[in-house]
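**Q** Next up is a structure, given as structure tokens.
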Amino acid sequence: MTGGGRRVVITGAGTINSLGHDVPSTLEAMREGRCGIGPLDLRDVERLSVQIGGQVKGYDEQAHFNRQQIALYDRFTQFTLLAARQAMAQSGISFSGEESEMSGVVLGTAGGGVNTWDENYRTVYEEGKNRVHPFVVPKLMNNAAASHVSMEYNLRGPSFTVATACSSSNHAMGLAFQMIRSGMCRAMLTGGSEAMLCFGGVKAWEGLRVMSKDACRPFSANRNGMVQGEGAAVFVFEEYEHARARGAEILCEVAGFGMTADAADIVMPSAQGAERAMRGAMREAGLAPEQIGYINAHGTGTAANDKSECASVSHVFGPAADRLMISSTKSMHGHLIGGTGAVELLACIMALRDGVIAPTIGYEEPDPECALDVVPNTAREAKVSAVLSNAFAFGGLNAVLALRAA
Amino acid sequence: MELRDKVIAIIAEQAMLEPGDVSLDNSPADLGIDSLGLVESIFAIEETFDISVPFNANAPEESEFDISSVAAIVAAVERLVQKQHASA
């Protein structure tokens, strides 16, 4: 570690997404290269031109929450709370007294309560009603999930929500990391959530004409766009000495964070902005390119992202790019937009802890513009000691995390 | 207004040019229309002619909608109007 500051480790992880309702089932799906993307089951799906997505299946909100909670929890909040519950249980941490004042929750989401917006717009516009449920605002607000997590676990320190489109979760986790590193906080619940798979949420994306109608095939020459997903992942980030003193199991270390803005275009990515973010994360972590064994790519499966991301990785890593593995797990769980970096961090933890590199599935044809080892179709066993997780958002906002094995 | 003139008017508006300055052999790029501008023009074409245009920005060359020149776009719109309004 360079530059001083406290060390930050991860002591708990939780998730729900199209691959599984917890971390073990999600990692098993990633190891098996299973695809969570399928036909969308939602109201008015026949009026959508894109009818696939990585939807959370077999989910019954009533199995997890009571009537009063459901009245207040949008689907993105429910996902967050379920993931937070798992992360807290694994970590074994609890918050009281001064400890709770030095701990908080920073989460990412791009859309917040999109389902709540959608349902209530139907009520007033489609059904012509002039009255909506009294809790519409507290249910749809982007910070609802963070607030409910803070209430559930007595987190009284810095708490808020970050919305930077597809980089939201990485920005959230990067800020949580910095707060512990600086000594401001002792532990943070962090990650992100998205639940945008409703008629309006998919219809809006259709408009840009960047969505695939059949599959997400990152880095493949025949890729034809991104596929949306939904779900959440939440982690317990904790100051290293604190975790050690209480005998917590350490999943991995968060070692660096880089964030930049392209300042160029509202939708087209810039390789330079991505490069600076990767270099920034490695610099803070004190890691050289040769030490990075794996990158969890942003890898959306669009023509523009994958080409630009590979160019920036080749440029940053130089000759070391030949020994680097880079995969996009969006091929399996879809693009969770504001929650995506959080679910993808699970693949990074699996690489560091279990020595298993999640594959890029759906890979069919090599693309000379993506000439890196993209771990096509099948997971691979490999020992890696440091990894990066990339997120490059619309609006040119880039956020990259660097992690090390515990 | 003829179909061709309507298409040219949509493209001219996107390019911030007078319709008279748009020639049939121009490509969208010649007129300074980027990928986002193209997607917006296609939306305007769909709304104007009440048609659905098959176009994926990830693989424009593989879409059934030829965007290589203004003339190609006009021809593609003519075909779609004929096809989609005949079946309606």
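**Q** Examine the range A:50-60 for a residue that is in the same structural domain as A:G174 (by TED's automatic domain parsing), under 25 Å from A:K330 (Cα atoms) and in a helix (DSSP H, G or I), and state whether such a residue exists.
**A** No: the range A:50-60 contains no residue that is in the same structural domain as A:G174 (by TED's automatic domain parsing), under 25 Å from A:K330 (Cα atoms) and in a helix (DSSP H, G or I).
**Q** What about A:M211, is it within 14 Å of chain B (Cβ to nearest Cβ) and touching a Phe, Trp or Tyr at 6+ places or on another chain (Cβ under 7 Å)?
**A** It is true that A:M211 is within 14 Å of chain B (Cβ to nearest Cβ) and touching a Phe, Trp or Tyr at 6+ places or on another chain (Cβ under 7 Å).
**Q** Moving on to the next point. Quick one: which residue in B:D30, B:D34, B:D21 is surrounded by fewer than 15 Cβ atoms within 10 Å (Cβ to Cβ), at pLDDT below 95 and out of contact with any Asp or Glu (no Cβ under 8 Å at 6 or more places or on another chain)?
**A** B:D34
**Q** Quick one: which helices (runs of 4 or more DSSP H) sit completely within chain B and have at least 2 residues that are closer than 30 Å to A:G301 by Cα and away from every other protein chain (no Cβ under 14 Å)? Explain how you work it out, then say what you get.
**A** Numbers: elements: B:3-15, B:35-49, B:70-87.
So the answer is B:3-15, B:70-87.
**Q** Let me confirm something: among A:C216, A:C198, which residue is out of contact with any Pro (no Cβ under 8 Å at 6 or more places or on another chain), within 14 Å of chain B (Cβ to nearest Cβ) and not charged (D, E, K, R)? Steps first, please.
**A** Working: A:C198 fails: within 14 Å of chain B (Cβ to nearest Cβ).
Exactly one of A:C216, A:C198 is out of contact with any Pro (no Cβ under 8 Å at 6 or more places or on another chain), within 14 Å of chain B (Cβ to nearest Cβ) and not charged (D, E, K, R), namely A:C216.
**Q** Further, regarding this structure: Output the residues belonging to the range A:30-71 that are aliphatic (A, V, I, L, M) and under 18 Å from A:Q86 (Cα atoms). Break it down into steps so the answer makes sense when it comes.
**A** Kept after step one, since they are aliphatic (A, V, I, L, M), are these residues of the range A:30-71: A:30, A:37, A:40, A:42, A:45, A:48, A:50, A:52, A:56, A:63, A:70-71.
Result: A:V56, A:A63.
**Q** Residues in the range A:142-162 that are surrounded by fewer than 20 Cβ atoms within 10 Å (Cβ to Cβ) and within 17 Å of the chain's Cα centre (by Cα): how many?
**A** Of the residues in that region, 2 qualify.
**Q** If you don't mind, there's one more thing I want to ask. Just for the range A:173-196: of the residues that are aliphatic (A, V, I, L, M), buried (at least 24 other Cβ atoms within 10 Å of the Cβ) and assigned to a loop (DSSP other than H, G, I, E, B), which one is nearest to the chain's Cα centre (by Cα)?
**A** Filtering first and then ranking leaves A:A195.
**Q** Something else now. Is it the case, given these coordinates, that A:S94 is surrounded by 14 or more Cβ atoms within 10 Å (Cβ to Cβ), at pLDDT 95 or above, of a type outside the set (D, E, K, R) and outside any strand (DSSP E or B)?
**A** no
**Q** Being surrounded by fewer than 18 Cβ atoms within 10 Å (Cβ to Cβ), assigned to a helix (DSSP H, G or I) and free of Cβ contacts under 8 Å to residues at least 12 places away in the same chain is the requirement here; does A:E99 meet it?
**A** So A:E99 fails the test.
**Q** The conditions are (1) in contact with a Gly (Cβ under 6 Å, 6 or more places away or on another chain); (2) under 30 Å from A:M184 (Cα atoms); (3) of a type in the set (A, V, I, L, M, F, W, C), and A:L40 fails exactly one of them. Which is it?
**A** A:L40 satisfies every listed condition except (2).
**Q** Would you confirm, using the coordinates I've provided, whether A:M188 is within 14 Å of chain B (Cβ to nearest Cβ) and either out of contact with any Ser or Thr (no Cβ under 8 Å at 6 or more places or on another chain) or aliphatic (A, V, I, L, M) (or both)?
**A** Considered against the rule, which asks whether it is within 14 Å of chain B (Cβ to nearest Cβ) and either out of contact with any Ser or Thr (no Cβ under 8 Å at 6 or more places or on another chain) or aliphatic (A, V, I, L, M) (or both), A:M188 comes out as no.
**Q** For residues in the range B:49-76 being polar (S, T, N, Q) and surrounded by fewer than 16 Cβ atoms within 10 Å (Cβ to Cβ), which is farthest from B:M1 (Cα to Cα)?
**A** Top of the filtered list is B:S68.
The values are calculated or read from the model by the stated rules, or taken from the named source; none is laboratory data. Source: prediction; values computed, not measured. Heads up, the Cβs are rebuilt from the backbone with ideal geometry, glycines too, and the neighbour counts pull from every protein chain shown.
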